[in-house]
Amino acid sequence: MPKPYQKPYPPIRMAATTQETYGLVARMGLPIFVAVRTTTIADVSRFIGGYREGWRAAGHPGQGDVGLSVPVYVAETARAARGEPEASTMHFVRSVARALQQSDESGQTAEARLARARRLEALTYDEVLDQLVVYGPPEAVADKLLRLREAIGFTTLSAWMNMGGHIPPEQVLSSMRLFAERVAPRLA
């Protein structure tokens, strides 16, 4: 209650966080939602093949629908785009590493989780910039997102504009404005 207005129901998109779940979501015939958090952009690009294969193997028409969430930060200069979000971004990466280490799961899942925690804990900011985020001046951000759309085939994009939640509001608003005015038109 209340019943959904849409018939038969609002669209459902299922998140996939491991390589194995990409194919599972596809076989179910559901649109997929993938996020760059503890999985690198390169891994998401590689794993999406499992979604496409599972989709075809299950006999679903088309290629399936892919939603991507990725941290995005846009500034006028490469220097500002690198420096302004650094502390907040690294705070998030280290916080996730600690949380993964403190989880009480056991078995194979625990081994994979601890491996992700160790990998995140060891990442340098340069590696984060290369593997986990899309930061830069408008042209560079648009170019990288276009390459990602080509590699992943995403149909919807959720831009996470304040990774870590500690970027000052005026900088986030500036990033959002630059995204809306100079990046989004290139993605249309």
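If I ask for residues that are aromatic (Phe, Trp, Tyr) and in a loop (DSSP other than H, G, I, E, B), which ones from the stretch 1-42 would you list?
Of all residues in the stretch 1-42, those aromatic (Phe, Trp, Tyr) come to 5, 9, 22, 33.
Within the stretch 1-42, Tyr5, Tyr9 meet the criteria.
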Tabulated pairs, the stretch 16-27, first of a type outside the set (A, V, I, L, M) and surrounded by fewer than 22 Cβ atoms within 10 Å (Cβ to Cβ), second modelled with pLDDT of 95 or more and in a loop (DSSP other than H, G, I, E, B), C-beta under 7 angstrom, 6+ apart or interchain: Arg27/Ala58
Test: Glu84 is modelled with pLDDT of 95 or more, acidic (Asp, Glu) and surrounded by 19 or more Cβ atoms within 10 Å (Cβ to Cβ): yes
Filter pass, Arg113 being touching an Asp or Glu at 6+ places or on another chain (Cβ under 7 Å) and farther than 21 Å from Asn162 by Cβ: yes
Those helices (runs of 4 or more DSSP H) lying entirely in the stretch 53-170 with at least 1 residues out of contact with any Pro (no Cβ under 8 Å at 6 or more places or on another chain) and within 28 Å of Met14 (Cα to Cα): 86-102, 108-122, 125-131, 138-152
Subset of the stretch 151-188 (residues that are closer than 22 Å to Gly67 by Cβ, touching a residue at least 12 places away in the same chain (Cβ under 8 Å), surrounded by fewer than 17 Cβ atoms within 10 Å (Cβ to Cβ) and not aliphatic (A, V, I, L, M)): Gly153, Thr155, Thr156, Ser158, Gly165, Arg186
Near pairs, Cβ below 8 angstrom, 6+ apart or cross-chain, from the stretch 60-73 (touching a residue at least 24 places away in the same chain (Cβ under 8 Å)) to any residue that is among the acidic types (Asp, Glu) and part of a loop (DSSP other than H, G, I, E, B): Tyr73/Glu84
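Test of understanding: among Arg94, Arg52, which residue is touching a residue at least 12 places away in the same chain (Cβ under 8 Å), of a type in the set (Lys, Arg) and within 22 Å of Ser158 (Cα to Cα)?
After ruling out the rest, the residue left standing is Arg52.
The values are calculated or read from the model by the stated rules, or taken from the named source; none is laboratory data. Keep in mind the model is a prediction, meaning the values are calculated, not measured. Note: ideal-geometry Cβ built from the backbone for every residue, glycine included; neighbour counts use all protein chains shown.
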